[in-house]
Structure formats: C-alpha cells, structure tokens
Amino acid sequence: MTDIVRGHLVGTPSGEIGDGVVEFADGRIRWVGATADYPAPERLPELRAELVLPGLIDLHCHGAAGFGFPNADAAGARVAAAHHRRHGTTGLLGSLVSARPEVLVEQAAVLADLVEDGELLGVHLEGPFLNAVRCGAQDPAAIVPGDPALFERVLAAARGTVRSMTLAPETAHFDALLAAMRHHGVLPSLGHTDADAATTTARIRAAANGPLTATHLFNGMPALHHRSPGPVAACLAAAGRGEMVVELIADGVHLAPETVAMVFDTVGPDRIALVSDAMAAAGMPDGDYRLGALDVRVRDRIARLATEDESPGAIAGGTARLVDVLRWTVRVAGVALSDAVTAATRTPARMLGLDGERGTLTVGARADLLVTDQSLQPRRVFVAGTEGT
C-alpha cells in the first residue's frame with residue numbers, strides 16, 4: 001500500500017521544502033520533493049500547517065513510562081520503548097548504567113531481545129568503566145577500572161547488540177577496551193570523567209580510526225575553565241576538527257539555552273547529537289522512581305537522586321522525550337529548525353552507521369517519519385511506513 005504525507009519537509013537532502021510530499025510503500029520512501037513536482041497531483045492530500053521530519057534517533061535513553069532499562073523486565077522495557085516511539089523516536093538505544101557484573105549481564109540479555117525484535121536499535125552501556133569522582137547519578141560502588149574481560153562478558157550476554165559504550169578516558173586498559181570496541185563495532189563515547197584536556201585529547205587521537213562521541217557534554221565532567229580547560233575544551237575542539245560528535249541534553253535542566261546555542265554555533269549540527277538521557281519518569285507525573293540501584297525523586301519534572309535530608313541530589317537523567325528536547329532546542333535555545341532536526345536525526349544515524357537508511361527523508365530510506373504541528377508537538381508517527389506502531 002502506498003501512502004503520502006504532505007507538509008513542510010525538514011531533513012531532505014536538499015534542505016527544507018515549504019510544501020512538500022513524502023510517498024512511501026513497503027516500508028521505504030519512494031518519492032520526496034516539492035508538491036508542484038509530484039507526478040500524481042490527483043492523489044495529493046490537503047496541505048496542513050504541519051512539519052514532516054525524519055523519525056528521531058536517540059543515542060542515550062534509560063527508559064520511560066515508569067520503566068527503566070537498567071531495572072525492567074522485558075515487558076517493562078517494551079513499554080518504555082513504545083512510549084518513546086509514540087512520541088517520534090523511531091530509533092532508540094536502550095541505555096544501562098553502572099551495576100554489578102551479574103546485573104549488567106542480565107539486563108544486557110533482556111535488552112538484546114528487544115533489539116532482535118526491532119524495538120531498539122541496540123544497547124548502550126553507560127559504564128561501569130567511569131570515574132567515581134564524576135559519577136553523577138551512577139552508583140559509585142558499581143564503578144570499576146577498565147576490564148576488557150568484563151566488557152567481553154557483557155557483550156556476549158547481549159548477543160552482539162551492544163552499539164555504544166561510555167567510558168572515562170582515564171580508565172584502566174583504555175587502549176585494550178578501545179581495540180575491543182572497534183573489533184565488535186561498538187561506538188566509544190567519552191564521559192563521566194575527571195581527566196584533563198591533554199589526557200582527553202590523547203584518547204581522542206587514539207580513537208581516530210572510527211566514530212567517536214562525547215557522552216552528554218558538560219555533564220559528568222569538570223567545568224571548562226580558562227586555565228584548566230578539561231575534557232569540555234578537548235571535546236569541543238575535536239568536534240570542531242570533525243573528529244567526534246558531542247551529545248547535548250538540551251532539556252532546560254541539564255544545560256542553559258546559551259550553552260546549547262554556543263555549541264551549535266561553534267561546531268555545527270553535523271557534530272552534535274541531541275539526546276534525552278530519559279529515565280523511567282519520562283512521560284510520568286512527579287514522584288519516586290529508580291535509576292539502576294539508586295532512588296530518584298522527581299519534582300517539577302526534574303529528576304534528582306533522593307537524599308535523606310531532602311536536599312537536592314545529583315541530576316538523575318531526564319524526564320523529557322527527544323521530541324521535547326528538539327522543541328526546547330528550537331523554541332528556547334533559538335537553534336535553527338533544520339540544524340536541530342539534523343542533530344536529532346541524521347547525525348546520530350551516522351554515528352550508528354545508518355546514514356542513508358534512517359534519519360533522513362531520502363528515496364530508499366526506511367519510512368520512519370514524525371509529523372508535528374508548527375510548535376513541534378507530535379501528531380502522527382510512522383515506523384517503517386506503518387502509522388501508530
């Protein structure tokens with residue numbers, strides 16, 4: 001069955017098209033272009049004030065709808081994945097957090113089922129080879145020095161579905177871990193680090209033989225200082241040179257709008273991946289939740305680690321979906337729509353080796369589409385050409 005969507009297209013190879021058409025059948029895009037050029041005008045639907053985007057791709061997500069990937073069973077994990085899909089994230093990595101080896105093995109196997117069923121693009125390991133000084137909302141007791149044998153153990157449990165791993169540049173056996181990740185096609189991501197700029201730059205250069213990202217730039221690392229630039233400066237410089245992509249949690253909590261705008265102006269959307277870092281509370285009311293082994297309290301839509309004295313704990317992931325991040329990036333941070341869409345679609349697709357297949361309104365690409373109103377509120381979602389899956 002052939003279907004047609006008409007609207008303001010964003011994310012085509014030729015840029016934005018004010019009145020455009022996307023035609024798709026059998027799960028693939030068959031035609032993209034201006035309405036005036038469409039070869040079957042009698043089939044055109046009425047033009048509405050809608051935006052048509054590629055389906056969003058989230059490289060960093062811990063859950064939603066009351067279920068977290070680090071804790072949930074398969075049924076709960078499917079609920080979380082479906083929630084994000086309904087809100088336009090048609091490609092998603094399920095992110096785990098630092099945990100005891102047996103827990104990582106168990107949860108990696110749970111998420112592998114979802115990857116094999118097509119509900120997730122892969123598994124993201126956020127730890128456990130991090131720096132406990134910059135653990136953020138990770139359990140410091142579960143953070144361990146780099147261990148290639150443990151990495152291989154988790155990888156085996158995940159049955160080849162691990163697609164990304166966050167590790168600190170200063171962790172032990174970095175070179176061996178990097179070699180193992182490259183061998184298995186796992187995207188390295190530098191984060192949760194207390195490294196200086198020189199150490200971070202050296203690791204970036206060591207990873208120059210393939211794609212590389214920075215996990216939620218600015219968060220989980222020392223602040224940039226003019227006499228102690230740290231990993232922020234090293235990663236921004238590398239992104240500017242085209243050597244890595246930096247993640248940004250542009251949700252109004254993790255970063256100021258001026259910070260987000262500065263990064264876009266400095267390195268451009270092809271070197272930025274917008275991410276949600278969403279946890280179980282995404283799409284849910286304020287209340288008490290968990291992230292891995294830690295208790296999280298959500299107040300006013302901000303997730304923080306629970307504390308005994310009720311003082312504000314560390315930010316514990318996000319409560320926004322990627323479409324919410326996209327909307328905030330455009331409407332609050334003032335980033336151009338096309339640039340923000342690129343950072344939520346084409347750039348993360350490229351990091352996963354899916355450029356031309358996902359994250360673009362291109363003939364031959366998978367028919368993953370997000371239709372929104374002018375304020376970027378979702379109206380329709382198509383996954384491989386099927387609406388509402």
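The values are calculated or read from the model by the stated rules, or taken from the named source; none is laboratory data. It should be emphasised that the depicted structure is a prediction, and the values quoted were computed from it without experimental measurement. Here Cβ is always computed from backbone atoms with ideal geometry, including for glycine, and neighbour counts include all displayed protein chains. Surface accessibility is based on the protein's heavy atoms, side chains included, excluding ligands, DNA and RNA. Shrake-Rupley method; radii C 1.70, N 1.55, O 1.52, S 1.80 Å.
Is there a residue being more than 16 Å from VAL97 (Cβ to Cβ), over 21 Å from the mean Cα position of the chain (by Cα), surrounded by fewer than 24 Cβ atoms within 10 Å (Cβ to Cβ) and touching a residue at least 12 places away in the same chain (Cβ under 8 Å) anywhere in the range 309-321? No, the range 309-321 has no match at all.
Quick one: would you say THR347 is modelled with pLDDT of 95 or more, closer than 15 Å to LEU53 by Cα and open to solvent by less than 30 Å² (accessible area, probe 1.4 Å)? Considered against the rule, which asks whether it is modelled with pLDDT of 95 or more, closer than 15 Å to LEU53 by Cα and open to solvent by less than 30 Å² (accessible area, probe 1.4 Å), THR347 comes out as yes. Could you tell me whether any residue of the range 266-274 is in contact (Cβ under 8 Å) with a residue 12 or more places away in the chain, over 17 Å from the mean Cα position of the chain (by Cα) and open to solvent by less than 10 Å² (accessible area, probe 1.4 Å)? No.
Of all residues in the range 177-232, those satisfying the criterion of being part of a helix (DSSP H, G or I) and of a type in the set (Val, Ile, Thr) are THR199, THR200, THR201, ILE204, VAL232. Could you please give the count of residues in the range 237-258 that are more than 15 Å from GLY220 (Cα to Cα) and open to solvent by 10 Å² or more (accessible area, probe 1.4 Å)? Number of matching residues: 10.
Annotation note: Cβ proximity below 6 Å between a residue of the range 11-27 that is more than 15 Å from ALA365 (Cα to Cα) and of a type in the set (D, E, K, R) and a residue that is assigned to a strand (DSSP E or B) and open to solvent by less than 50 Å² (accessible area, probe 1.4 Å) (sequence gap 6+ or interchain) occurs for GLU16/VAL10.
Considering only residues in the range 1-15 that are open to solvent by 30 Å² or more (accessible area, probe 1.4 Å) and in contact with a strand residue (DSSP E or B) (Cβ under 7 Å, 6 or more places away or on another chain), the one that is modelled with the lowest pLDDT turns out to be MET1.
A search for C-beta distances below 8 Å between a residue of the range 364-379 that is in contact (Cβ under 8 Å) with a residue 24 or more places away in the chain and any residue that is among the aliphatic types (A, V, I, L, M) and in a loop (DSSP other than H, G, I, E, B), counting only pairs 6+ apart in sequence or on different chains, returns ARG366/ALA384; ALA367/ALA384; ASP368/ALA384; LEU369/LEU361; ASP373/ALA49; GLN374/ALA49. Do the conditions hold for ARG43, that is, is it charged (D, E, K, R), under 27 Å from ALA365 (Cβ atoms) and in contact (Cβ under 8 Å) with a residue 12 or more places away in the chain? Judged against the criteria, ARG43 is a match. Selection over the range 294-308 of residues that are open to solvent by less than 10 Å² (accessible area, probe 1.4 Å), in contact (Cβ under 8 Å) with a residue 40 or more places away in the chain and farther than 12 Å from GLY68 by Cβ gives a count of 0. Of all residues in the range 22-37, those that are more than 27 Å from the chain's Cα centre (by Cα), among the small types (Gly, Ala, Ser) and either closer than 7 Å to GLY385 by Cβ or not in a helix (DSSP H, G or I) (or both) total 3.
Among the residues making up the range 144-166, those that are surrounded by 21 or more Cβ atoms within 10 Å (Cβ to Cβ) and not in a helix (DSSP H, G or I) are ALA158, THR161, VAL162, ARG163, SER164, MET165, THR166.
Could you please let me know if ALA180 is open to solvent by 30 Å² or more (accessible area, probe 1.4 Å) and over 16 Å from SER95 (Cα atoms)? Steps first, answer last, please.
On the way: open to solvent by 30 Å² or more (accessible area, probe 1.4 Å): no; over 16 Å from SER95 (Cα atoms): yes.
When the stated conditions are applied, ALA180 does not pass them.
For the subset of the range 167-177 comprising residues that are aliphatic (A, V, I, L, M) and surrounded by 15 or more Cβ atoms within 10 Å (Cβ to Cβ), which member is nearest to the chain's Cα centre (by Cα)?
LEU167
If you go through the range 350-371 and keep only what is in contact with a Lys or Arg (Cβ under 6 Å, 6 or more places away or on another chain), closer than 18 Å to ARG321 by Cβ and of a type outside the set (D, E, K, R), you end up with GLY359, VAL371.
Table: residues versus (1) at positive phi; (2) within 18 Å of the chain's Cα centre (by Cα); (3) part of a helix (DSSP H, G or I).
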site: THR347; (1), (2), (3): no, yes, yes
site: ARG350; (1), (2), (3): no, yes, yes
site: LEU370; (1), (2), (3): no, yes, no
site: SER375; (1), (2), (3): no, no, no
site: ARG380; (1), (2), (3): no, no, no
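There is at least one residue in the range 283-293 that is in a strand (DSSP E or B) and open to solvent by 40 Å² or more (accessible area, probe 1.4 Å).
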